[in-house]
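Working notes, beginning with the structure itself.
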Amino acid sequence: MAEWIPAPGLQVAIDGPSGSGKGTVAAMLARKLGLPVLDTGLLYRFVGWKLAALGVPLDDEAAVLAALDAALADMRWREDGILDGEQNVTAALRGEDVGRLASKVAAMPEVRARLLEVQRRCAESGCVMDGRDIGSTVLPGAQAKFFLTASERERARRRWRQLRERDPEIDLDAVHHDIRMRDAQDAERAHSPLKQAEDAIRIDSTTLRVDEVVDRMLAIMERRGLIRRAEPA
Ligand code: DC
């Protein structure tokens, strides 16, 4: 049972760069609030992955836009990940290679506009949503907005630990380099770059555990009257 009762339709936006811990934090927070959690990075990953699988050159924006509807036709975005037809393809979307494809399509304004509709529809009845532009663009009316950061080296280390489960040989410096490149690509793009919303609360998680970050968020939301403690059964 959820430990907290959220106000009806509560939307919580969590943004931040790769490795800031936003995915893990969003999942724990959503569980405590009894809300669905939606990872928007997966959507961009799916689009990059699917278009590449269809043989569409991702440097050719016109070709990407022409194939976008076909790529999304059989996609279903759920709390447990993304389905392509009947197949849950989430695990295949998590690698650094797919992250690079995602970052390319995420720089295209028309791709973002199309995915904006999908994200808003899914968030309508309340959720915890994590991404890069949730507080600023996707859900500007979200009642709670957080911007998670951590030092670049710590973010690289976290990604490296995750990736090592699939590839024990993976090199920390290579992951660090990748994170730096992707941060630059995400922060420098003209449309909806990674940016802290003005009304978002910034939390630096470099030296905090996941549960400490979540506790801070819960305390802030309780103070603002957005959530209340559930009565023990
Ligand atoms: O969070 P992630 O690594 O799964 O995100 C994959 C890519 O998608 C990343 O390069 C940034 C992009 N992205 C975005 O532009 N906007 C979002 N709301 C989520 C992800």
Query raised in the report: How about Lys145: which aspartates and glutamates have a C-alpha closer than 12 Å to its C-alpha, ignoring those fewer than 8 places off in the same chain?
Result: Asp15, Asp130, Asp133, Glu198, Asp199
Query raised in the report: What Kirkwood hydrodynamic radius, in Å, does the chain give when the mean of 1/r is taken over all pairs of distinct Cα atoms and then inverted?
Result: 18.2
Query raised in the report: In deg cm²/dmol, rounded to 500, what helix-only [θ] at 222 nm does the chain give when every DSSP H run of at least 4 residues adds -39500 (n - 2.57) and the total is split over its residues?
Result: -15000 deg cm²/dmol
Query raised in the report: Which GluC sites (Glu not before Pro) in segment 1-107 pass both tests, a DSSP loop state and at most 14 other beta-carbon atoms within 10 Å?
Result: Glu3, Glu79, Glu86
Query - Spatially proximal lysines relative to Lys32 (Cα-Cα < 16 Å; intrachain offsets below 8 disregarded) - result: Lys22
Query raised in the report: Based on the alpha carbon coordinates of segment 37-84, what radius of gyration and maximum Cα-Cα distance (Dmax) apply, in Å?
Result: 11.0, 32
Query raised in the report: Taking 1 over the mean of 1/r across every pair of different Cα atoms in segment 14-128, what Kirkwood radius in Å do you get?
Result: 14.7
**Report entry** Part-to-part distance (alpha-carbon centres) for segment 60-77 and segment 155-233, which is given in Å
**Finding:** 28
Requested in this report: Quick one: P(r) of segment 69-116 from all Cα-Cα pairs, 10 Å bins, percents rounded to integers, in order of increasing distance.
Outcome: 23, 53, 24
Report task. Could you pull out every residue, at least 5 positions away or on a different chain, whose amide H is within less than 5 Å of the one on Lys145? Hs are placed 1.01 Å off N in the peptide plane, and Pro or chain starts have none. Result -> Ala13, Ile201
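So if I place +1 on the C-beta of Lys and Arg and -1 on the C-beta of Asp and Glu, and nothing else carries charge, what would the dipole magnitude of segment 93-206 be about its Cα centre? I want it in debye, nearest 20.
For this selection, approximately 140 debye.
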**Report entry** Approximate shape of segment 104-160 as ellipsoid semi-axes (Cα gyration tensor, √5λ), whole Å, largest first
**Finding:** 24, 17, 10
Query - Largest to smallest principal axis extent of the C-alpha atoms in segment 73-173, angstrom - result: 42, 35, 25
Query - Amide H within-cut-off set for Ile5, under 5 Å, with H built and near neighbours excluded - result: Arg228, Arg229, Ala230
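No lab work stands behind these numbers, since they all come straight from the coordinates. If you're wondering where the values come from, they're calculated on a predicted model, not measured in any experiment. Counting neighbours? That spans all protein chains shown, and the Cβs are built from the backbone with ideal geometry, glycine included.
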